[in-house]
Amino acid sequence: MALNNVKDTGVLIVGAGPTGLALACDLARRGVPALVVERAAALFPGSRGKGLQPRTMEVFDDLGVIGAVLASGGPVPVGMVWRDGERQGEHRMFDEPEPTETAPYTTPWMLPQWRTQEILLARLRELGGDVAFGAEVTQLAQDADGVTARLSTGATVRAAYAVAADGGRSTLRGALGITMAGEAVDPNPVLVADVRVPALDRDNWHMFPPADDTGLYTAICPLAGTEDFQLTAQFPAGASPDLSLQGVRDLVASRTHLTADDVTEVRWSSDFRPRAALADRFREGRVFLAGDAAHIHSPAGGQGLNTSVQDAYNLGWKLGAVLGRGAPEALLDTYEEERRPNAARMLGLSTRIHRGEARRGAATRQLGIGYRNASLAVETREGLPQEALRAGDRAPDGPCGTGTLFDVFRGPHFTLLAVGMDAELPPLDAELVHVRDVPTYEPYGKGLFLVRPDGYVGWAGTDARDGLTEYLARCAA
C-alpha cells in the first residue's frame, strides 16, 4: 500500500500484529477510516503466540474470520514425555471441557501467529482496508483536535486518534513517556524457533525433561495446518542461545533422541526473555496503547496474544461510536478503566502458570472476563441471586430461532434481548440496536439485556424506562 505525502484518516494504527489488524478489521466494518502502518517490510514471520483461547475464537467469529481460523488450525496436541528415546506417557496441560450451548468454543485452538495475521490481513482487505508496510512513525504530535505523525517514507498522517500496537518495545509508548512496571518472570532465556523435523511424528506435543538437575526444559510442538514445529528450549541464566541452523541442530541432538540432521530447516528463531510488565496507563491524550505495547506476558498459559485481541475488540467499538456516530468522547475513557485491570489479572495468571503455581484451567480460556465493576455496567435489577447474569458479564450464546444468539450478536450493532417477557420499548434506531424477543432461557433468566457490540451485557433491567435510553446516548449518541 503506497502512501501519499499527506494522508488524513480517522485512526492511525501503528503495528500490523494481531492487535493492530483486529482493531483495523473492527473499525473497517464500522465504516471508520483507519490506516495501519508497519515498520517491517512484511507481516511477522514466526509462530510466537500459537494458541487462540475460546474468548478470542468468539471475537474472530464476530469479525468474520472463524471459518479461516478453523480451516487453518487444529486442536492442541496432547503432550508426550520422552526419556532416553522412549515415550514415558501422555501429559495433559489443561482441562478439556465439552462445548455447550452457552460457549461453543471451550478449548484452545492451535494456530501460529503468522497465520493468524495472514487471516486478519485478508479480512481487512476484504473490508477495504490495508497495511502500509515499511512505514515507521518517526515523529508524533497531538493537539486538541487530532494527531499528526511523520513517517519514515516522508508521508505525513493526520488522524483523530492513534493506537500504539507496536509491540513490547513500543516506540510510541516511549515517545509518550509512559513507563512500564514489571519483573523478570524467569532469569533463564528461551530459544523459540520454527523448525522442520520430518523424522518426528505430529501426533503429540513432544516434551524432553532434562537428563540432569538443571531443570532446563525442551519441547517440540507441531504447528497445526503447517509442516512446522515450534521448538522451545530453556537455557541457563546469562547464556546467549545460538539461533543459527547449526546451533539449533546441535541443541536438538544434545537434548532429544533426534539427530542434528533430523532438523532440516530453521524458518524463524528468537532469543526470548520471559518478563511480565504493565504500562502505567493505557492512554495519553488522543493516543491509546493496546496489546504488547500495554502489557508483556510470559508465554505460559497463552494469554499475551489473546489479551491483546481483547484490547482491540474493546477499543474498536468505542472508537467507532465516537467517530462514526458522534458518541461522547468520554466513552473512550472506559477503555483503560475496563482493560487495564483485566490485563493486570492476566499478567498475574501467566506468571503463576510459568512458575508452576497455577494450572491452565478455566481462567486461561478468558470466558469469565467481565466488567461488572466498571462504569459501563449498569444493572437496574435488585435482589438477584449470586449466579445471575449481570451487567458487565459476557453475554452467553444459546439457541435463538433457527440459529444462535451469537448469530444475532454478530456485527457492529448493539442487541437488546427481551428474555421471557413482553416489554414496552422506547423508539430505537434499528440500525444501532437490533431487538430480539427470546423465550425464557436459563442462562439469562428473565429481563431486558442490552448486549454491547463486544458481546458484554451493558445495561440490564426489567423496565426500559430505567435508563436504557440514557445508556445508549452515552455509548452511541
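The values are calculated or read from the model by the stated rules, or taken from the named source; none is laboratory data. Worth saying up front: this structure is predicted, and the values here are computed from it rather than measured. Please note: Cβ atoms are built from the backbone with ideal geometry, for glycine as well, and neighbour counts cover all protein chains shown. Side chains included, ligands, DNA and RNA excluded: accessible areas come from the protein's heavy atoms. Shrake-Rupley method; radii C 1.70, N 1.55, O 1.52, S 1.80 Å.
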When only residues in the range 55-79 that are in a loop (DSSP other than H, G, I, E, B) and not small (Gly, Ala, Ser) count, which is least open to solvent (accessible area, probe 1.4 Å)?
Val65
Checking Trp459 against (1) out of contact with any Asp or Glu (no Cβ under 9 Å at 6 or more places or on another chain); (2) in a strand (DSSP E or B): exactly one of these is not met. Which one?
(1)
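One line per residue, one yes/no per condition, for (1) within 23 Å of the chain's Cα centre (by Cα); (2) closer than 21 Å to Leu200 by Cβ; (3) not polar (S, T, N, Q):
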| position | (1), (2), (3) |
| --- | --- |
| Leu231 | yes, yes, yes |
| Gln234 | no, yes, no |
| Val248 | no, yes, yes |
| Leu251 | no, yes, yes |
| Trp268 | yes, yes, yes |
| Arg273 | yes, no, yes |
| Arg283 | yes, no, yes |
Would the range 343-358 turn up any residue that is of a type outside the set (Ser, Thr, Tyr) and within 25 Å of Asp463 (Cα to Cα)?
no
Selection over the range 81-115 where residues are polar (S, T, N, Q) and closer than 26 Å to Val252 by Cβ yields a count of 2
Of the residues in the range 326-348, those that are assigned to a helix (DSSP H, G or I) and touching a Lys or Arg at 6+ places or on another chain (Cβ under 9 Å) come to Ala330, Leu331, Leu332, Asp333, Thr334, Tyr335, Glu336, Arg340
Assess whether Asn188 counts as being open to solvent by less than 30 Å² (accessible area, probe 1.4 Å) and of a type in the set (S, T, N, Q).
no
Quick one: count up the residues across the range 201-224 that are touching a Lys or Arg at 6+ places or on another chain (Cβ under 7 Å) and among the basic types (Lys, Arg).
0
Can you tell me which residues in the range 285-316 are crowded, with 24+ Cβ neighbours inside 10 Å and more than 15 Å from the chain's Cα centre (by Cα)?
Phe288
Selected residue (only one of Leu417, Leu448, Leu405 is closer than 20 Å to Gln310 by Cβ and without any contact (Cβ under 8 Å) to a residue 40 or more places away in the chain)
Leu405
Filter the range 361-402 for residues that are in contact (Cβ under 8 Å) with a residue 40 or more places away in the chain, out of contact with any helix residue (DSSP H, G or I) (no Cβ under 8 Å at 6 or more places or on another chain) and among the acidic types (Asp, Glu); the one that is least open to solvent (accessible area, probe 1.4 Å) is Asp393
What's the total number of residues in the range 123-139 that are open to solvent by 50 Å² or more (accessible area, probe 1.4 Å) and either over 17 Å from Ala16 (Cα atoms) or not in a loop (DSSP other than H, G, I, E, B) (or both)?
6
Pick from the range 379-405 the residues that are at pLDDT 95 or above and among the β-branched types (Val, Ile, Thr): which of them is nearest to Ala103 (Cα to Cα)?
Thr404
Just checking, how many residues over the range 238-262 are part of a loop (DSSP other than H, G, I, E, B) and more than 21 Å from Trp114 (Cα to Cα)?
9
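Each row is one residue, and each column tells you yes or no for (1) within 16 Å of Ala321 (Cα to Cα); (2) open to solvent by less than 40 Å² (accessible area, probe 1.4 Å); (3) of a type outside the set (Phe, Trp, Tyr).
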position: Leu416; (1), (2), (3): no, yes, yes
position: Pro427; (1), (2), (3): no, no, yes
position: Arg436; (1), (2), (3): no, no, yes
position: Gly447; (1), (2), (3): no, yes, yes
position: Asp454; (1), (2), (3): yes, yes, yes
position: Gly458; (1), (2), (3): yes, yes, yes
position: Gly461; (1), (2), (3): no, yes, yes
Which residue, of Arg436, Arg465, is outside any loop (DSSP other than H, G, I, E, B) and more than 20 Å from Asp333 (Cα to Cα)?
Arg436
Can you say whether Val163 is open to solvent by less than 10 Å² (accessible area, probe 1.4 Å), over 22 Å from the mean Cα position of the chain (by Cα) and in contact (Cβ under 8 Å) with a residue 12 or more places away in the chain, as far as the supplied structure shows?
no
